[in-house]
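Visitor: Dropping a structure here in structure tokens format, bear with me for questions.
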Amino acid sequence: MQSVYIDIPMKQSAANYFVIVPAAGVGTRMKSDIPKQYLAVKDKCILEYTLNTLLNYPAFEKCMVVINEHDKNWPSIKLAHPKLITTTGGKERVNSVFNGLIALKPFIKENDWVLVHDAARPFLHPSDIDKLITEIGDDPLGGLLGSPSKNTIKRIENKHCLETLDRQKIWQALTPQMFRYHWIFKALNSAIEKQQTITDESNAIELLGQHPKIIEGRSDNIKITDRYDLAFFDYYIQRQQ
């Protein structure tokens, strides 16, 4: 797959860009003996595909991969890159991303940008990173990639439909999600201290009463969560090759 990059105009922001990839999860829904990010597709594991896209994106200063403290698979990844650094994760995703933020402190300024991207989302295209950075621009807070719902959405209870939601107002959250360092640090720290359950970084920002901007991304930027997704990714790689 050929990648095309655009130049990010300096007048948008003097801030730098950093990436955090939380890869400490075990992927229970995949029902595999190893975490899903380490499942092999052709000659590489899923995490390698994800990292190759991020490490080859010229605007990023550092790519922080957060791994499980008992991870035995990471050493098998043969990626040597000056941007690549690691730290250990925590109990939940929020703890892992927060650990990544702490580990970035020696490199980052309060107003710099942090992009958080799922380890098992290898379909990310550089054009989506271009679009996110360009459209967020100098926003004081940040935002995320998303995809408008194409299906009719039902609210259910006990396997019965209670109502049909307005799909014009329903978007699927994607990654990367991009926020100023001081905002994401404050939001995740608050969620952890209050023991709030959050599903993504935008969720934590919203709990502070803020309203992140959402940018439409490619609908094929899917997260691999089960065997069907894995089979589709395998087919996708075959077609690319």
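Bear in mind these aren't lab numbers, they're just calculated from the coordinates by the rules spelled out. Bear in mind the structure is a predicted one, so any value in this text is a computation, not a measurement. Here the Cβ is made from the backbone with ideal geometry for all residues, glycine too, and neighbour counts use every protein chain on show.
Visitor: When a footprinting reagent is the concern and you count Cβ atoms within 10 Å, what order do GLU201, GLU48 take, fewest first?
Guide: Values: GLU201 30, GLU48 19.
Ascending number of Cβ neighbours within 10 Å: GLU48, GLU201.
Visitor: While we're on this one: Collect residues whose amide H, placed 1.01 Å from N in the peptide plane, falls under 5 Å from the amide H of GLY90; neighbours closer than 5 in sequence don't count.
Guide: Residues meeting the amide H criterion: SER96.
Visitor: Hey, could you pull the Cα Rg and Dmax for the range 71-110, both in Å?
Guide: 11.9, 34
Visitor: So how far apart, in nm, are the two label points at ALA15 and GLU110 if each is 7 Å from Cα heading toward Cβ?
Guide: Taking the two extended label points, one gets 1.3 nm.
Visitor: Right, something else. If each residue of separation counts as 0.36 nm, what is the full-extension length gain between LYS186 and THR164 once their alpha-carbon separation is subtracted? Each step should come with its number before you reach the end.
Guide: Details: separation 22, 0.36 × 22 = 7.92 nm, distance 3.55 nm.
Between LYS186 and THR164, full extension yields 4.4 nm more.
Visitor: Right, here's the next one. Run the numbers for GLN196 and ALA231: contour at 0.36 nm per residue of separation, minus the present Cα-Cα distance, in nm.
Guide: 9.1 nm
Visitor: Can you work out the Karplus-derived ³J(HN,Hα) for every residue in the range 47-57? Use 6.51 cos²θ - 1.76 cosθ + 1.60 with θ = phi - 60°, whole Hz, and x for glycine or proline.
Guide: Couplings: 4, 5, 4, 4, 5, 4, 5, 5, 5, 8, 7 Hz.
Visitor: Pick out, in residue order, every one of the trypsin sites (Lys or Arg not before Pro) in the range 88-141 that is DSSP loop and has at most 14 other C-beta atoms within 10 Å; say none if there are none.
Guide: Values: sites: LYS91, ARG93, LYS109, LYS131; in loops: LYS91, LYS109.
Those that pass, being in a loop and sparsely packed, are LYS91, LYS109.
Visitor: Efficiency by 1/(1 + (r/R0)^6): what FRET value for SER149 and GLN238, r their Cβ-Cβ distance, R0 = 22 Å, to the nearest 0.05?
Guide: 0.15
Visitor: Once you put a point 7 Å from the Cα of ILE85 and another 7 Å from the Cα of ASP220, both along the Cβ direction, what distance in nm separates them?
Guide: Result for the modelled spin labels: 3.4 nm.
Visitor: Spin-label point model (7 Å from Cα, Cβ direction): what's the TRP171 to LYS42 distance in nm?
Guide: Label-label distance for TRP171 and LYS42, simple model: 3.2 nm.
Visitor: Sticking with this structure for a sec: Kindly put HIS81, HIS160, HIS125 in sequence by how many other C-beta atoms sit within 10 Å of each C-beta, fewest to most. Could you put the intermediate results ahead of the total?
Guide: Working: HIS81 12, HIS160 7, HIS125 16.
Arranged by neighbour count, lowest to highest, HIS81, HIS160, HIS125 become HIS160, HIS81, HIS125.
Visitor: Working out 0.36 nm times the residue gap between TRP74 and ILE156, then minus their Cα-Cα distance, what length gain in nm do you get to one decimal? It would help to have the intermediate numbers written out before the result.
Guide: Details: separation 82, 0.36 × 82 = 29.52 nm, distance 4.01 nm.
The TRP74-ILE156 span can extend by a further 25.5 nm.
Visitor: Using just the C-alpha positions of the range 130-241 as equal point scatterers, what log10 of I(q)/I(0) does the Debye formula give at each q in 0.12, 0.13, 0.17, 0.21 1/Å?
Guide: Computed log10 I(q)/I(0) values: -0.59, -0.69, -1.03, -1.17.
Visitor: Specify, per residue and in Å³, the volume enclosed by the convex hull of the alpha carbon atoms belonging to the chain.
Guide: Numbers: hull volume 35.9 nm³, N = 241.
Measuring per residue, one finds 149 Å³ for the Cα hull of the chain.
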